[in-house]
1. To the nearest 10 square angstrom, how much accessible area does V2 have with a 1.4 angstrom probe?
2. Once every DSSP H run of n ≥ 4 in the chain is given -39500 (n - 2.57) and the sum is divided by its residues, what mean residue ellipticity at 222 nm do you get, rounded to the nearest 500 deg cm²/dmol?
3. Kindly sort R65, R4, R60 by accessible area of their heavy atoms, largest first, with the probe set to 1.4 Å.
4. What is the angle, in °, between the Cα long axis of helix 47-66 and the longest principal axis of the Cα atoms in the chain? Nearest 10 is fine, range 0 to 90.
5. Would you tell me the accessible area of L57, worked out with a 1.4 angstrom probe on the heavy atoms of the protein chains, in Å² to the nearest 10?
6. Counting only protein heavy atoms, what percent of the accessible surface of the chain is carbon or sulfur at a 1.4 Å probe?
7. Cα extents of the range 1-64 along the three principal axes, largest first, in whole Å?
Amino acid sequence: MVTREDILILGLSAGVVGSLVGGMMLGIGMGLVIGGQHLGWLLLLPAAPVAGMIGYLQARKLAKRLG
């Protein structure tokens, strides 16, 4: 059974890790785009979905452990 503690830890870890990864991708990608390098779009565009995917993967891992 999922406890409140599991849900709290999942939310906190997914939020922190997702924000760090997504924010770094967004910042580096934007810096490259502003600098005139089109390669930065490859980091800039998928930044938000990658950040969300981290939380999704952590939730699946928790579900496998409990189920």
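1. Surface open to solvent at V2 totals about 70 Å².
2. -28000 deg cm²/dmol
3. Correct descending sequence by accessible area is R4, R65, R60.
4. The angle comes out at about 20 degrees.
5. Approximately 100 Å² for this residue.
6. That share works out to 74 percent.
7. Cα extents, longest axis first: 51, 17, 9 Å.
The values are calculated or read from the model by the stated rules, or taken from the named source; none is laboratory data. All figures in this text were calculated on a predicted structure; none of them were measured in a lab. When the accessible area is computed, the model is the full protein with side chains, heavy atoms only, and any ligands, DNA or RNA have been set aside. Shrake-Rupley method; radii C 1.70, N 1.55, O 1.52, S 1.80 Å.
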